[in-house]
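A.B. asks: Dropping a structure here in structure tokens format, bear with me for questions.
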Amino acid sequence: MGRLTEQYEQVGNAVPPLLARAIGKEIRYQILNEMTTQANRYGALEKYLK
């Protein structure tokens with residue numbers, strides 16, 4: 001409990017740095033993968049509509 005900043009601090013203190021890094025890398029990978037997928041779909045649709 002506590003203020004939002006205190007809650008973030010509690011989570012930061014609870015998660016080991018290497019685990020936090022691994023989670024961050026996976027989130028980044030998933031976001032970039034989804035962006036690439038969406039761009040490919042848009043490109044394919046754009047070619048079809050021309």
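Only the coordinates and a few stated rules stand behind these numbers; no lab work does. Everything numeric here is computed off the predicted structure, so don't read it as measured data. With ideal geometry, Cβ positions are generated from the backbone for all residues, glycine too; neighbour counts draw on all protein chains shown.
A.B. asks: If you fit an axis through the alpha-carbon atoms of helix 17-49 and take the longest principal axis of the Cα set of the chain, what angle between them do you get, 0 to 90°, nearest 10?
C.D. replies: So the helix axis and the longest Cα principal axis differ by about 20 degrees.
A.B. asks: What 222 nm value per residue comes from the helices of the chain, counting each DSSP H run with n ≥ 4 as -39,500 (n - 2.57) and dividing by all residues, nearest 500 deg cm²/dmol?
C.D. replies: Value at 222 nm, helices only: -30500 deg cm²/dmol.
A.B. asks: Taking the 0 to 90 degree range and rounding to the nearest ten, how far is the long axis of helix 4-14 tilted relative to the main principal axis of the chain, both from C-alpha atoms?
C.D. replies: It is inclined by approximately 90 degrees.
A.B. asks: Could you tell me, in Å, what Rg and Dmax come out for the Cα atoms of the chain?
C.D. replies: That works out to 18.7, 56 Å for Rg and Dmax.
A.B. asks: Using the Cα centre as the reference, give the magnitude of the dipole from point charges on the C-beta atoms of the chain (Lys, Arg: +1; Asp, Glu: -1; all else neutral), rounded to the nearest 20 debye.
C.D. replies: 300
A.B. asks: While we're here: For R3 and L32, what does the FRET efficiency come to when R0 = 35 Å and r is the distance between their Cβ atoms, rounded to the nearest 0.05?
C.D. replies: 0.60
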